[in-house]
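The block underneath contains the structure these notes are about, expressed in structure tokens.
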Amino acid sequence: MNSETFDKLLKMAKSNKVSFRTDMSFAQLTTVGTGGKVRVAFFPNDMRKLVRTLRALNKLRVPFVVLGRGSNVLASDKFFDGAAVVTIRLNKFTLRKNRVTAQCGASAAAIAKALADKGLSGGEFLACLPATAGGATAGNAGCFGEDVSRVFVKAKALCDGKIRTVKREACRFAKRDSVFKRKNWTVLSVTMEFEPSSPSAVRKTIAEMRQKKARTQPLNAKSAGCVLFHENASVSRLIDEAGFKGYRVGGAQVSPKHAGFVLNIDKATSSDIYLIIRRLQKALQTNFGICAKTEVRLVNFGDDDIFTESKN
Ligand SMILES: Cc1cc2nc3c(=O)[nH]c(=O)nc-3n(C[C@H](O)[C@H](O)[C@H](O)COP(=O)(O)OP(=O)(O)OC[C@H]3O[C@@H](n4cnc5c(N)ncnc54)[C@H](O)[C@@H]3O)c2cc1C
């Protein structure tokens, strides 16, 4: 980005009172704690500011990535000469009757807690995701047989520059996939619907899910969640069968507890993690004929990039 473009961006941010920082790295913006510096990170705290920021980036042709909690992102160690737009300050949601409408940066766990207090069922799995509503919708996140597509009603999104309401049928949800992910549309807010139950029943289910997750997954280590997935196969079981549990490259390691997770155990670089991911993919192909897709979103890696140009 040349200095003229950069100045224009900062001018936009200042005139719209959008908070920004120019001293951040992806290591600070992602749960795995790796990744290089980013030229500028924006932290809009209302919808108008978010949309203005995205439109300015698009108009100025600045590459950018939208981030929620960064719990499913691996950014390369290289300097990213673009922008990160972080949604976590857009964290409000309303609960009316059996529907929640959440701003994209609302915490999934906070939504789950409100649902439990109101005795609404179907969103218990949200309590297990270190996610924002927008990130979870884009990746159709889920666990224990549930995912966002099952409770989703509609989203407001910035789709190729236009604000649209996207209904369920148009989302083309699939395993860890949606139209938002495929088209790089930004989810601004999402409406989800739940079933009447009782607070005690919902809390019990959440507690059981959380216990199971804590028993089987390395929740206290730095990671980006499961790195690979396949529509029909249990990738983590196959990685385990292939003997990769505990496999190390530099400071990164395939979790000895759950083979789907690659951990940053000792000052890992994104390259360490990336190398492990590619080796796992190769082993799955060679040993089982499985073509596993990356679940973690790769940023600024080159050929594999999903977000290296502005699309909104
Ligand atoms: C310990 C741990 C456990 C996990 N367990 C699970 C699990 O059980 N099930 C599961 O599915 N995942 C799990 N994950 C992965 C991760 O939490 C989910 O994928 C989550 O939905 C990502 O949400 P996020 O807000 O952090 O998104 P980010 O990681 O910030 O972003 C993920 C992707 O979504 C895009 N994105 C973010 N916000 C928006 C938006 N508003 N509009 C459009 N696109 C957007 C980003 O550009 C990026 O491509 C786990 C991760 C960790 C670290």
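The values are calculated or read from the model by the stated rules, or taken from the named source; none is laboratory data. Being a predicted model, the structure only gives us computed values, none of them experimental. Glycine gets a Cβ as well: all are built from the backbone with ideal geometry, and neighbour counts include every protein chain shown. We work out accessible area using only protein heavy atoms, side chains counted, and drop any ligands, DNA or RNA first. Shrake-Rupley method; radii C 1.70, N 1.55, O 1.52, S 1.80 Å.
Classify segment 175-216 from the C-alpha gyration tensor, please: rounded if a/c falls under 1.5, else prolate or oblate depending on whether a/b exceeds b/c.
Taking the square roots of the gyration eigenvalues as a ≥ b ≥ c, segment 175-216 is oblate.
How much area per residue is accessible in the chain when the probe is 1.4 Å and only protein heavy atoms are counted (Å²)?
Per-residue accessible area for the chain comes out at 46 Å².
Roughly how compact is the chain, stated as its Cα Rg over 2.2 N^0.38 Å to two decimals?
Its radius of gyration relative to the 2.2 N^0.38 Å reference: 0.99.
I'd like the distance between the alpha-carbon centres of segment 75-104 and segment 145-220, rounded to an integer number of Å.
Comparing the Cα centres of segment 75-104 and segment 145-220, I get a distance of 13 Å.
With the chain treated as a Gaussian network of Cα nodes joined by springs under 10 Å, which of Ser149, Ser107, Ser200 yields the largest mean-square fluctuation?
Answer for the Gaussian network model of the chain: Ser200.
For segment 93-200, compute Rh as the Kirkwood radius over C-alpha pairs and then the Stokes-Einstein diffusion coefficient at 10 °C and 1.306 mPa s; write the answer in µm²/s, rounded to an integer.
The Stokes-Einstein estimate is 118 µm²/s.
Take the Cα pairs of segment 3-86, get the Kirkwood Rh, then feed it into Stokes-Einstein at 37 °C and 0.692 mPa s and tell me D in µm²/s.
Stokes-Einstein gives a translational diffusion coefficient of 258 µm²/s.
How much accessible surface area, in Å² rounded to 10, belongs to the heavy atoms of Leu219 with a 1.4 Å probe?
Its heavy atoms expose roughly 90 Å² to the probe.
Please compare each pair in Lys78/Lys282; Lys37/Lys267; Lys167/Lys212 to a cut-off of 22 Å on the Cα-Cα distance and tell me which ones are over it.
Listed pairs above 22 Å: Lys78/Lys282; Lys167/Lys212.
Show me the ranking of peptides 128-138, 86-96 by mean Cβ neighbours inside 10 Å, starting with the highest.
128-138, 86-96
What translational diffusion coefficient, in µm²/s and rounded to a whole number, does the Stokes-Einstein relation yield for segment 153-224 at 4 °C and a viscosity of 1.567 mPa s, taking the hydrodynamic radius as the Kirkwood radius over Cα pairs?
Estimated via Stokes-Einstein, D reaches 85 µm²/s.
Pairs Lys49/Lys213; Lys113/Lys175; Lys118/Lys257; Lys59/Lys92: which are spaced more than 30 Å apart, C-alpha to C-alpha?
Lys49/Lys213; Lys118/Lys257
Based on the mean of other Cβ atoms within 10 Å per residue, sort peptides 11-19, 139-147 so the most packed one is first.
In decreasing order of mean packing, 11-19, 139-147 become 139-147, 11-19.
Looking only at Cα atoms, what is the convex hull volume of segment 69-109 per residue, in Å³?
78 Å³
Quick one: work out the % antiparallel among DSSP beta bridges in the chain, nearest 5.
The antiparallel proportion sits near 80 percent.
Taking amide H positions as placed in the peptide plane 1.01 Å from N, state which residues far from Val65 in sequence (5 or more) or on other chains have amide H under 5 Å from it.
Sorted by chain and number, the residues that satisfy this are Ala83, Ala84, Val85.
So what are the three principal axis dimensions of segment 228-294 from its Cα atoms, in whole Å, longest to shortest?
So the extents along the principal axes, rounded to whole Å, are 33, 21, 17.
Got a number for carbon plus sulfur as a percent of the chain's accessible area, 1.4 Å probe?
Carbon with sulfur: 48 percent of the solvent-accessible area.
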